[in-house]
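Take a look at the structure below.
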Amino acid sequence: MKLRAPRLVAAVALAAAAGVARAAPPPPDALVEAEREIALLTERLAHLESEYGGSEEPAATRAARTFREGEARFLLGDWLGASVALRVALDVPELPAAERASGRWYLAESLFRQRRFAAALEELEALLAAPADEHAAEASVRAMACLVELGRHREVPAMLERARALHGGRPPPEALYLAAKATYRRADLPAAERRAAALAAFEAVPPPFDLAAAYFRGALHVQAGALERAAVELERCAAAEPADARQREIRELCWLAQGRVEGELGHVARALDGYARVPRESPRFDEALYESAWTYVKARRYDLALRSAGLVADAASGSPLAPRATLLQAHLALKTGRHGEAVETYERVVNAYAPVRDELDAILALHEDPLRVFDEVVHRGEGVSRPGNVLPPLVVAWAATQRPVEEALELVGAVEAARADLAGARAAADRVDAVLSRAWGLGAFPGLEEGHARAEAVENGAARLEGALSAAEARLHAPAFATGAAWLAATAERSAVEARLAELPRTPEEIEARVAGRRARAAALEKQAFALSYGVRACAAELQGMQAWLARHGAELGADRDARRELDAELRAQGEVVLEYERAVAALRGELSRVLDAIGRGSGSSADDAVRDEYRRKVATELELLAAARVGLEGPASARADAIEALRGRVAALQQGADQAKRRLLAQARTRADALRAQLAAERAHLAEEADALDSAERDVQEVVRAIATSALVAVRGELHRLVLKADVGIIDVAWTRKRERVDRIQALSAQEARDLGQLEDRFSGVLKEVE
């Protein structure tokens, strides 16, 4: 037993050793791994040749694809996105005729929905040039709407005839309504002729535009002085059932007009009924309530008039109706003998509006430029005050309610929108130019860029293979060679570069992962920039809220004008700071947009090429050392060295194929980029022409706006003077009424005293005689 134990231990040890040997497979052969890697790279290069080596996408195919994108955006209600995509598609001559016609209609409708009536009309006229087009009938009606919006009313009758012909002699109701509306606005016709023609045109308007037509007929009768006929038309309009929000708005106008006409006719009950129909949520409710108060005054129902006036004064405190309603309250208090209440109400008007009147007088006395002052009216509603604001908020609010000012605001808004469009177009051109300049033009073409990135990935893998084959050949030589100073120095230098080469992508998955990482970092910065912009908007909203509160409750702060001016100046200064923040955040987000544009699938930069080239130079240094030591190899080692050299030839072929693919893709990108640069240069020249035309138009607009601003400020100034004057006169009336009442009372007492004395004298005259 003692002899068998060592044998048993030895057997167990041998079995364990055999098990370990079976569990740990031998290290893989470097040449086999290289073969497998070369096969993968060859397959990727072949896929690259087949996928990205073909010809450019045909123009017709590209245009059709862009058209489908624009059509989808149109159906989703993305009018801006639809107009951009459709414009690009229509600029391609190879777009099929059927898609061209539909695309032009979609583009015209998208522009119309964006209220770009001139551009929409241009597209509609192009559609109407081919009457057989399936959209021509719809285009004729839309063209009429554009002509009405653009104020080209004299051209509407001719367009109506085209619509009549395209609809088989029976134009749709909308066309008849637009024609009647254009006739109503014809300023070139004599007043009587215009009214007669418009009445006849509105009489012919069928549903669903009959409600609006009835309102216009009532307005025309009012203009002619035929109030009874106007009342009949307005009653017909007021009794109709609206089908949509627009018709509900028209019916509210009919109710308000009905109240006014019936009031002029002396039908108090009917007038009050019309005013009472205006709903509380309507923007015309305050106006209806104020006019109903005066109707109650005419009916001598002073208590109801006082109640209505009080509601207007409380609910519309920022409106010009508020002081008028307050004055009405004071007049009614005076009329009903509540002198103390009347004086208090009059003084409230004086205290609230006299400082504003004086401040506006001082501003106008300094010869402020009305255009600069009017700029406040334009921009005060956008948030914070602009630097240098001088107008009181109340003046701005009242000026903005005037119809000429509203029209001027629309005009200024159109100019500013055009200016913003030009700025956006220039920014887009700059971004496109930057993309065309990135990566030798590849940045503008994602398909070519992806192919170039995959070719670079093949080059990265081939470079790594060169280093692996160099290390495999070094293992064939004697230990003295592998531990020699020259070899160790060369491998140390290659290893230092190899760490940077390992960061470059070698597979499509690594390419996508690299791009995703870059985009994630940029998205994180964009999120922070959005948070900054949100905070800036919050600051602007706080300042706007403060200004609105001061406009509403300024009179409650007391009569310290210096303190109020300091507060206004501080708010303006803070507004300037917020504006600087807005500009800074906008610049930051613009820079982030350019960074996002620069993130593509390409390896990206000359730095990657430098790493790859440096690595190959280090490998070339090793190859020189290996070539000198290869002379002494014999037998299997020599055969293995020959196999490694053959693999190097295949790797070199891979690198050459990848380089040729990159050159071909770069040539395609340059050709396309040059064509796009030519288009971009033409667009820049067109933008320069548009900018010159806009500058000329803006100068004309400034003259018009300056006149409107002057008129608006003078009107507000006159309104303030009238309000304060009426309040002052009201206070005097109260004083005179009190004095007259006291005089009347004294005179009554004196008369009563005289009568009493006369009666006493008569009664006691006999007694006096007897006494005498």
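The values are calculated or read from the model by the stated rules, or taken from the named source; none is laboratory data. The structure displayed is predicted, hence computed values, not measured ones. Cβ placement follows ideal geometry from the backbone for every residue including glycine, while neighbour counts extend to all protein chains displayed. Ligands, DNA and RNA are excluded from the accessible area calculation, which covers all protein heavy atoms including side chains. Shrake-Rupley method; radii C 1.70, N 1.55, O 1.52, S 1.80 Å.
I'd like the residue in region 455-491 that is of a type in the set (Val, Ile, Thr) and part of a helix (DSSP H, G or I) and, out of all such residues, is farthest from GLU43 (Cα to Cα).
THR491
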Test: ALA299 is over 35 Å from the mean Cα position of the chain (by Cα), of a type in the set (Gly, Ala, Ser) and modelled with pLDDT under 85: yes
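Name the single residue that is farthest from GLY467 (Cα to Cα) among those in region 654-673 being free of Cβ contacts under 8 Å to residues at least 60 places away in the same chain and open to solvent by 60 Å² or more (accessible area, probe 1.4 Å).
So the residue we want is THR671.
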Selection from region 718-755 of residues that are open to solvent by 90 Å² or more (accessible area, probe 1.4 Å) and within 30 Å of GLN402 (Cβ to Cβ): ARG722, LEU725, LYS726
When residues of region 53-93 are limited to those that are surrounded by 21 or more Cβ atoms within 10 Å (Cβ to Cβ) and of a type in the set (Phe, Trp, Tyr), the one farthest from ALA126 (Cα to Cα): PHE74
Answer residue from region 94-115, given it is under 19 Å from LEU76 (Cα atoms) and not in a helix (DSSP H, G or I) and is most open to solvent (accessible area, probe 1.4 Å) among those: ARG115
Residues of region 43-92 satisfying the condition of being over 29 Å from the mean Cα position of the chain (by Cα), without any contact (Cβ under 8 Å) to a residue 12 or more places away in the chain and in a loop (DSSP other than H, G, I, E, B): GLY54, SER55, GLU57
Some residue of region 609-625 being free of Cβ contacts under 8 Å to residues at least 12 places away in the same chain and under 30 Å from VAL412 (Cβ atoms): no
Residue in region 474-489 that is crowded, with 20+ Cβ neighbours inside 10 Å, of a type outside the set (Val, Ile, Thr) and either modelled with pLDDT under 85 or touching a Leu at 6+ places or on another chain (Cβ under 9 Å) (or both) present: no
